[in-house]
1. Scan segment 9-47 for residues that are of a type in the set (D, E, K, R), within 20 Å of S113 (Cα to Cα) and in contact (Cβ under 8 Å) with a residue 40 or more places away in the chain and jot them down.
2. With more than 23 Å from G110 (Cβ to Cβ), without any contact (Cβ under 8 Å) to a residue 60 or more places away in the chain, surrounded by 16 or more Cβ atoms within 10 Å (Cβ to Cβ) and more than 34 Å from the chain's Cα centre (by Cα) as the only criterion, which of D50, D61 stands out?
3. Mind listing just one residue for me: the one in segment 371-401 that is more than 30 Å from A135 (Cα to Cα) and open to solvent by 60 Å² or more (accessible area, probe 1.4 Å) and, of those, nearest to the chain's Cα centre (by Cα)?
4. Could you go through segment 13-30 and let me know if any residue there is outside any strand (DSSP E or B), modelled with pLDDT under 95 and open to solvent by 50 Å² or more (accessible area, probe 1.4 Å).
5. If you go through segment 212-229 one residue at a time, how many are without any contact (Cβ under 8 Å) to a residue 60 or more places away in the chain and more than 13 Å from E315 (Cβ to Cβ)?
6. Given T6, T75, which one is open to solvent by less than 40 Å² (accessible area, probe 1.4 Å), free of Cβ contacts under 8 Å to residues at least 60 places away in the same chain and polar (S, T, N, Q)?
7. Determine whether G99 is farther than 30 Å from G411 by Cβ and small (G, A, S).
8. For segment 228-264, which residues satisfy the criterion of being at pLDDT below 85 and within 17 Å of A305 (Cα to Cα)?
Amino acid sequence: MHRILTIFALSSGAVPAGIAVVRVSGPACADVVLTLAGFMPEPRKASLADLRHPSSGALLDRGLVLWFPGPASFTGEDCAEFQVHGGRAVVAALLDGLGSMDGLRHAEAGEFSRRAFLNGKLDLTELEGLADLIASETEAQRAQAVALANGAFRQRLEQWRHQIAGLRALVEADFDFSDEGDVIDSVAEQVWPRCKSLAEEMQDLLAGANRGEIVRSGFQVVLAGRPNSGKSSLLNALAKRDVAIVSPEAGTTRDVLEVWLDIYGFKVCIADTAGLTDSAEPVEREGMRRARERARRADLVVWLAEDGSAPGAGEIENGSELLVLHSKDDSGQHGELGVSVLTDAGLDGILAALRQRLADFRGSGEEALVSRARQRGHLEAACATLMSAAVGDAPNEVRAEFLRSAGDEIGKLTGSIGVEELLGRIFAEFCIGK
């Protein structure tokens with residue numbers, strides 16, 4: 001039988017630091033606390049203790065010990081935390097002492113969270129929210145990740161899966177026990193309208209999926225235009241530092257240069273691209289190809305032209321918004337449609353335009369629960385099969401299979417069905433101590 005080892009790791013980040021937190025989880029956790037501290041503290045209450053090395057008995061440090069008996073812990077197992085001074089030598093000695101004990105080993109990346117998932121403490125959407133929370137850089141990312149990590153999406157999915165299971169039971173009862181007097185003769189009035197209603201609820205949530213993915217991965221802004229239209233100067237002005245080389249010589253920018261900014265609490269990528277011209281020079285042509293490809297995938301393209309003219313046919317292909325500005329408008333004659341890096345005129349207008357667009361992506365919070373392509377894919381599949389069950393003319397046996405498939409897609413979303421391959425990729429996003 002496979003032996004479950006107790007794991008430990010530094011959870012508080014790089015040392016040196018004021019305080020270091022070492023986390024332990026597993027069946028030998030109580031022995032670890034007794035060995036190092038010499039007593040068992042009250043559950044979930046911090047206790048001051050002299051921590052001693054398990055082998056030599058040497059004093060390692062005086063710190064706080066917290067004891068979390070399972071299943072009322074993060075992982076669902078017995079857990080403990082040791083809060084010590086954050087010097088390198090202190091942490092190294094504590095980790096060495098833990099490693100010397102039988103049945104203990106260093107935790108792998110995300111292993112505490114993985115055990116929480118396997119023990120039913122968190123579902124897959126909550127784990128993804130937790131990973132997003134650890135990686136969050138802006139207020140919008142934090143707010144969205146907190147909603148996911150706290151189970152807001154999980155609750156909605158569990159409700160849907162429970163309702164789908166109930167509808168499927170009615171359908172199967174209809175064709176399995178149709179000769180019984182206490183079983184309804186037809187499920188048409190009860191089941192199929194409800195299937196359609198559930199599918200529409202999912203469609204409403206999917207309508208905000210793009211918002212959630214953009215908040216998580218960043219809003220993409222591309223600066224585009226012809227050579228010497230002021231793109232690189234504008235990038236530097238927005239970044240408030242020299243990111244791109246600025247020169248009066250045409251074709252200075254030949255690749256995509258990007259800078260990530262926190263704008264009004266949102267993660268925004270500003271990308272400078274090669275000027276679009278009729279050049280036959282191979283390197284310039286490749287730069288223009290990349291510029292057009294980046295513009296095609298952008299959430300907003302800011303087109304700069306000294307005369308304020310819009311891009312011509314075939315210059316860029318953009319499936320999203322286009323903002324056309326008069327560049328080098330040093331006299332300010334074009335008002336809100338002009339921009340000048342010499343006078344800073346128009347910079348506030350660009351930021352205001354961004355703020356207006358970004359506000360649309362914040363939504364009410366609920367719309368942003370779908371934050372990953374994986375989540376959107378399973379939800380789209382569940383929605384499609386529910387709609388097939390609701391409006392199709394297939395036999396009830398086939399429509400019941402549609403309901404089963406929809407329930408399975410929800411199960412894949414939460415992690416209750418077939419996710420072993422996915423787990424490695426998700427937990428790789430976590431640090432060692434999480």
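The values are calculated or read from the model by the stated rules, or taken from the named source; none is laboratory data. Predicted model, so just to flag it, every value in this text is computed and none were measured. Here the Cβ positions follow ideal geometry from the backbone for every residue, glycine too, while neighbour counts run over all protein chains shown. Note: areas computed on protein heavy atoms with side chains; ligands, DNA, RNA excluded. Shrake-Rupley method; radii C 1.70, N 1.55, O 1.52, S 1.80 Å.
1. In the first step, residues of segment 9-47 are kept if they are of a type in the set (D, E, K, R); the result is 23, 31, 42, 44-45.
Add one more test, that the residue is within 20 Å of S113 (Cα to Cα), and what stays is 23, 44.
Matches in segment 9-47: R23 only.
2. Details: D50 fails: surrounded by 16 or more Cβ atoms within 10 Å (Cβ to Cβ).
Checking each option against the conditions leaves just D61.
3. E401
4. Among the residues of segment 13-30, at least one is outside any strand (DSSP E or B), modelled with pLDDT under 95 and open to solvent by 50 Å² or more (accessible area, probe 1.4 Å), which makes the answer yes.
5. Initial filter on segment 212-229 (without any contact (Cβ under 8 Å) to a residue 60 or more places away in the chain): 217-218, 227-228.
Now narrow it down to the ones that are more than 13 Å from E315 (Cβ to Cβ): 217-218, 228.
Total satisfying the criteria: 3.
6. Numbers: T6 fails: free of Cβ contacts under 8 Å to residues at least 60 places away in the same chain.
Unique residue meeting the criteria: T75.
7. Numbers: farther than 30 Å from G411 by Cβ: yes; small (G, A, S): yes.
So G99 passes the test.
8. Hits for segment 228-264 are V246, S247, P248, E249, A250, G251, T252, T253.
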